[in-house]
1. At a 10 angstrom cut-off on C-beta neighbours, averaged per residue, how do the peptides 35-48, 16-29 rank from highest to lowest?
2. Give the accessible surface of the chain per residue, rounded to a whole number of Å², with probe radius 1.4 Å and ligands, DNA and RNA excluded.
3. Whole-Hz Karplus ³J(HN,Hα) for the range 23-39, in order, using 6.51 cos²θ - 1.76 cosθ + 1.60 and θ = phi - 60°, x for Gly and Pro?
4. Considering only protein heavy atoms and a 1.4 Å probe, what is the carbon-and-sulfur percentage of the accessible area of the chain?
5. Below 8 Å between Cα atoms, with a sequence gap of 6+, how large is the relative contact order for the chain in percent?
6. What does the charge count near Y25 come to, summing +1 for each Lys or Arg and -1 for each Asp or Glu among other residues with Cβ under 15 Å from its Cβ?
7. Using θ = phi - 60° and the Karplus form 6.51 cos²θ - 1.76 cosθ + 1.60, what ³J(HN,Hα) does each residue of the range 60-70 get, whole Hz, x for Gly and Pro?
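The values are calculated or read from the model by the stated rules, or taken from the named source; none is laboratory data. Owing to the predicted nature of the structure, the values given are computational and were not obtained by experimental measurement. Positions of Cβ are generated from backbone atoms using ideal geometry, with glycine treated the same way; all protein chains shown enter the neighbour counts. Protein only, heavy atoms only, side chains kept; ligands, DNA and RNA dropped before computing areas. Shrake-Rupley method; radii C 1.70, N 1.55, O 1.52, S 1.80 Å.
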Amino acid sequence: MPWAPIALAANASDPDGSVSRVEFYTGLVKLGEDATAPYELTWSGAAAGNHLLTAVAFDNAGASTTSAAISITVTQSILNVPP
């Protein structure tokens, strides 16, 4: 059964340069990246279970910062289940 897409977003700024991209992860698995603000990604195909999500922002000089992890739980919906 396909899972509903999950919208991810991150706020990022760089006081002495510019943000070049933000990468989104579940654990060590890269889900994708966005190079333009607002930094967003739609995650499709998330497996049921617990996931730790992080975002890594990179600046124009190559420095990076990783966000605090956010824990989410993906569950199967009981709506519209075939008989």
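1. Those peptides, ordered most packed to least, come out 16-29, 35-48.
2. Result: 68 Å² of accessible area for each residue.
3. 9, 10, 10, 10, x, 9, 8, 6, 8, x, 8, 9, 9, 10, 6, x, 7
4. Using a 1.4 Å probe with all protein chains present, the chain comes out at 57 percent carbon and sulfur.
5. Computed over the chain, the figure is 30 percent.
6. Computed value for this residue: -2.
7. Computed from phi, the couplings for the range 60-70 are 5, 9, x, 6, 9, 9, 9, 5, 5, 6, 10 Hz.
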